[in-house]
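**Student:** Sending over a structure as structure tokens; questions will come in a sec.
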Amino acid sequence: MELSLQLDIIGLIGCVLIVFSQVPQLITIIANKSSKNISLTTYSVLLIAQLDWLIYGVLKNDTPIMVTNLFGGVITFLIVFSSLFYKNIGREMEDFDDAVTI
């Protein structure tokens, strides 16, 4: 097997592990309908870094870097989006509860 292909396989395995390492967090947010213990700052910075790496991978024409950061960026975006969504839903429910008890 050619060295370049071996390196791409190693890179793609890393891609799969990195991307799927975030899936449990996304599932937890959606299942619990809560993002109470999620650092929005951390995931926002991670999303920016993944977009930067995606651009870098495109410019270098490096498939493992592109694939990792494209799919990882999508998962990270979904975590950020769902965190914002459930934080806003939580605030609305608190406002509703306050209005009902008055």
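Coordinate-derived values only; no laboratory data. No experiment lies behind these values; they were computed from the predicted model shown. Note that each Cβ is placed from the backbone with ideal geometry, even for glycine, and that neighbours are counted across all protein chains shown.
**Student:** Between ASP8 and ASP52, how many nm apart are label points set 7 Å from Cα along the C-beta direction?
**Tutor:** Taking the simple label geometry, ASP8 and ASP52 are separated by 2.8 nm.
**Student:** Nearest 0.05, what FRET efficiency do MET1 and LYS60 give at R0 = 25 Å with Cβ-Cβ as r?
**Tutor:** Values: r = 22 Å, r/R0 = 0.89.
Once rounded, the FRET efficiency stands at 0.65.
**Student:** How fast does the chain diffuse by Stokes-Einstein, in µm²/s, taking the Kirkwood radius from C-alpha pairs at 37 °C and 0.692 mPa s?
**Tutor:** The calculation lands on 214 µm²/s.
**Student:** Let me ask something else about it. For segment 24-74, what is the per residue volume of the convex hull drawn over the alpha-carbon atoms, in cubic angstrom?
**Tutor:** About 62 Å³ per residue, rounded to a whole number.
**Student:** Right, next: So which residue, out of THR41, THR68, THR76, gets the largest mean-square fluctuation from a GNM of the chain using Cα contacts under 10 Å as springs?
**Tutor:** So, out of THR41, THR68, THR76, the one fluctuating most is THR41.
**Student:** Using r as the Cβ-Cβ distance of THR28 and VAL74, and R0 as 25 Å, what FRET efficiency do you calculate, to the nearest 0.05?
**Tutor:** The pair THR28/VAL74 has a calculated efficiency of 0.90.
**Student:** Let me ask something else. Taking only C-alpha pairs under 8 Å that are 6+ residues apart, what is the relative contact order of the chain in percent?
**Tutor:** Values: 80 pairs, mean separation 38.0, N = 102.
For the chain, the relative contact order is 37 percent.
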